[in-house]
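Report on one structure; see the data block that follows.
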Amino acid sequence: MSTPHNSANPGDIAKTVIMSGDPLRAKFMAEHFLENPKQFNGVRNMLGYTGTYHGKPVSVMGHGMGIPSVAIYSYELYHFYDVEQIIRVGTAGCLHKGMDIGDLVVAQGSCTDSNYLQQYHLPGTYAPIADYGLLSRAVDECRAMGIRYDVGNVLSSDIFYVENQDWRKWAAMGVLAVEMESAALYANAAACGRKALTILTISDSLVEAKSASAEERQLAFTNMMKVAFSLV
Ligand code: HPA
């Protein structure tokens, strides 16, 4: 059975899916990390491929920008394709001085300004968190690779072009960085008893005027992909 957004047949997608917002980054992962990649989706250009990594089956797929988009793709993967774990690799803006472009952030938890979690009608505030097993292995890999990384809370915001300074309040609560998807990914995983982890690369800063060269970004992106593939 395919879905309105994914033309894959059951069995076309591996139990582990590594996802990126940009479908072309998924294509990059297929070309640089997968052995024998086969494309399973092209609907809306949301490219998805399955192959093997060191002989183990794994899929890669884009999830688009923002909570509604990642929520659709991840829900379908968990519910209709029986995917066990989704590892998102993405970019984030850092909220603190002392963090650098290219640093990795392993998202232990994710706050959000989105309404997405209200659908669960919980009598309080839910804290979307990463799967601890995936998280601790990702941290081990960052250490082994000798790269700069942080572990902690992120903000999954609905707003990229902010017209206010509200991010400072999240920063004051220790939130490390802002992106736009993890809270929904973590909630979707929790709601069906599956696993999820987000590994981010800092691509910009809200506190300092910082930017990196294209090469530095490419290297940093490859680092987070290496960490993600080490979890397969
Ligand atoms: N805001 C939201 N998402 C992002 C950002 C940002 O500044 N940088 C990279 N992803």
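Values for this structure:
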| item | result |
| --- | --- |
| Hits in the range 183-203 (condition: part of a strand (DSSP E or B) and under 15 Å from Ser157 (Cα atoms)) | Thr198, Leu200 |
| Given (1) surrounded by fewer than 19 Cβ atoms within 10 Å (Cβ to Cβ); (2) outside any loop (DSSP other than H, G, I, E, B), index of the condition Ser211 fails | (2) |
| Residue in the range 181-189 that is surrounded by fewer than 22 Cβ atoms within 10 Å (Cβ to Cβ), modelled with pLDDT of 95 or more and within 12 Å of the ligand (Cβ to nearest atom) present | no |
| Residue list for the range 1-60, filter: closer than 27 Å to Met180 by Cα, of a type in the set (Asp, Glu) and either surrounded by 15 or more Cβ atoms within 10 Å (Cβ to Cβ) or under 16 Å from the mean Cα position of the chain (by Cα) (or both) | Asp22 |
| Any hit, the range 127-136, residues being over 19 Å from Lys195 (Cβ atoms) and at pLDDT 95 or above | no |
| Sole residue being surrounded by 16 or more Cβ atoms within 10 Å (Cβ to Cβ) and within 16 Å of the ligand (Cβ to nearest atom), chosen from Ile202, Ile159, Ile87 | Ile202 |
| Segments classed as strands (runs of 3 or more DSSP E), wholly inside the range 1-69, with at least 3 members that are among the polar types (S, T, N, Q) and either modelled with pLDDT of 95 or more or touching an Asp or Glu at 6+ places or on another chain (Cβ under 9 Å) (or both) | 35-41 |
| Flag if Ala220 is in contact with a Gly (Cβ under 8 Å, 6 or more places away or on another chain) and either of a type in the set (S, T, N, Q) or crowded, with 16+ Cβ neighbours inside 10 Å (or both) | yes |
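The values are calculated or read from the model by the stated rules, or taken from the named source; none is laboratory data. Remember, it's a predicted structure, so these values are computed and weren't measured experimentally. Cβ sites come from the backbone with ideal geometry, for glycine too, and all protein chains shown count toward neighbours.
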